[in-house]
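Below is one structure, written out as structure tokens; the observations come after it.
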Amino acid sequence: MPARSLLSAALLSCALLAGSACATEVTREQDGMRVTYRDASDALDAAMRERILETFFHAYVAERRDFNPAAPTQAIITIDPAYDGIAYVSSDDWAKMTINPGWLVKHPADTDLVTHEAMHIVQGYPDYGNDKAPTWLVEGIADYARDKYGMNNAAGDWKLPTEVKDKQNYDTGYRVSGAFLKWVESQHAGLIKQLDGALRSGRYSNALWTRSTGRDLPALWKAYVAARGGSKPAA
Ligand SMILES: [Zn+2]
């Protein structure tokens, strides 16, 4: 179809809506999940919408199956140009994910940010940012999941670090903690699932690491740094 006809079709569908603004709302049911995608200002094109939905179903269904089969079966993804971060999740009855479209316009290959946020919906912990659910650990698990369940990480130039830099520690968070978690899991299979369960039930404390691995967090970090060939100066 010529571009002009496409444009007319888009304008027509906008005119048919009750409000004056263009708006996209798509609800998709698949794999026992119902996802509503809302882009009130049509900030992202249809191709990006499809990639976001495809990434969500791909990641969330597997993350939910592996970590928390009781996690929500409904979700809302809102595209919000007024949000100046990258993306976030607020969990309530319907899991709600908000994405800043400006980020994806600038970084179109970074669609696995959806995989990270989808893991937060699966996590659904009662706490965040305290001893019962330390931020570094919650975010580290979400990046561990992005690495494991992502669809497009390599093209998006996103990976867990394979080197340890000066001043990094187990609680640096995000990818640094995600890489540490991946290594500990390789030594103690099932640990991430155990941590996730404890975080969700409010039973988490740092003592869990010692009970499950025989070593506390500083000792595990030291072993991890040694396995990575020691720490390197920060770039
Ligand atoms: Zn996060």
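The values are calculated or read from the model by the stated rules, or taken from the named source; none is laboratory data. These figures come from a predicted structure and were not determined experimentally. Please note: Cβ atoms are built from the backbone with ideal geometry, for glycine as well, and neighbour counts cover all protein chains shown. Only protein heavy atoms, including side chains, enter the accessible area calculation; ligands, DNA and RNA are left aside. Shrake-Rupley method; radii C 1.70, N 1.55, O 1.52, S 1.80 Å.
Counting only heavy atoms of the protein chains, get the accessible area per residue of the chain (1.4 Å probe) and round it to a whole Å² value.
51 Å²
So, counting K/R as plus one and D/E as minus one, what does the shell of residues with Cβ under 14 Å around residue 69 add up to?
0
First compute the accessible area of the chain with a 1.4 Å probe, then give the percent of it belonging to carbon and sulfur atoms.
Reported share for carbon and sulfur atoms: 53 percent.
For segment 181-235, which trypsin sites (Lys or Arg not before Pro) are in a loop by DSSP, counting at most 12 other Cβ atoms within 10 Å?
Qualifying residues, ordered by number: 203.
Take residue 42 and residue 107, extend 7 Å from each Cα along the Cα→Cβ direction, and tell me the distance between the two endpoints in nm.
My value for the distance between the label points is 2.8 nm.
Under the classification rounded if a/c is under 1.5, otherwise prolate if a/b is larger than b/c and oblate if not, where does segment 126-235 fall, given a ≥ b ≥ c as square roots of the Cα gyration tensor eigenvalues?
oblate
Rounded to whole Hz and in sequence order, give me ³J(HN,Hα) for segment 78-84 from the Karplus expression 6.51 cos²θ - 1.76 cosθ + 1.60, θ = phi - 60°, writing x for Gly and Pro.
10, 8, 10, x, 7, 7, 9
Please identify the trypsin sites (Lys or Arg not before Pro) of segment 93-175 that satisfy two criteria: DSSP loop assignment and at most 11 other Cβ atoms within 10 Å. Which are they?
167
As I understand it, the value is the acute angle between the Cα axis of helix 191-201 and the longest principal axis of the Cα atoms of the chain; what does it come to in degrees, rounded to 10?
70 degrees
Remind me, what semi-axes does the chain give for its equivalent ellipsoid, largest first in whole Å, using sqrt of 5 times each Cα gyration tensor eigenvalue?
Rounded to whole Å, the semi-axes are 38, 20, 14.
With the chain treated as a Gaussian network of Cα nodes joined by springs under 10 Å, which of 173, 150, 32 yields the largest mean-square fluctuation?
Of the options given, 32 has the highest mean-square fluctuation.
Mind checking which of 133, 90, 101 is farthest towards the positive end of the chain's charge dipole, using Cβ charges of +1 (Lys, Arg) and -1 (Asp, Glu) about the Cα centre?
Selected residue: 133.
At residue 222 and residue 61, where each label point lies 7 Å from the Cα along Cα→Cβ, what is the point-to-point distance in nanometres?
About 4.6 nm separates the two model spin labels.
Once amide H atoms are built 1.01 Å from N in the peptide plane, which residues 5 or more positions from residue 76, or in another chain, come under 5 Å H to H?
So residue 76 has HN proximity to 36, 95, 96, 97.
Defining a contact as two alpha carbons under 8 Å apart and six or more residues distant in sequence, what relative contact order in percent does segment 21-124 show?
Computed over segment 21-124, the figure is 28 percent.
With angles folded into 0 to 90 degrees, how steeply does helix 174-187 sit against the dominant principal axis of the chain? Use alpha carbons for both and round to 10.
The angle comes out near 50 degrees.
So if a site counts as exposed when it's one of the chymotrypsin sites (Phe, Trp or Tyr not before Pro), its DSSP state isn't H, G, I, E or B, and it has at most 16 other Cβ atoms within 10 Å, what's the longest stretch of the chain without one?
Result, exposed sites excluded: 129-235.
Just grab the label-to-label distance for residue 29 and residue 206, each label 7 Å out from Cα along the Cβ direction, in nm (one decimal).
If labels sit at residue 29 and residue 206, their model points lie 4.9 nm apart.
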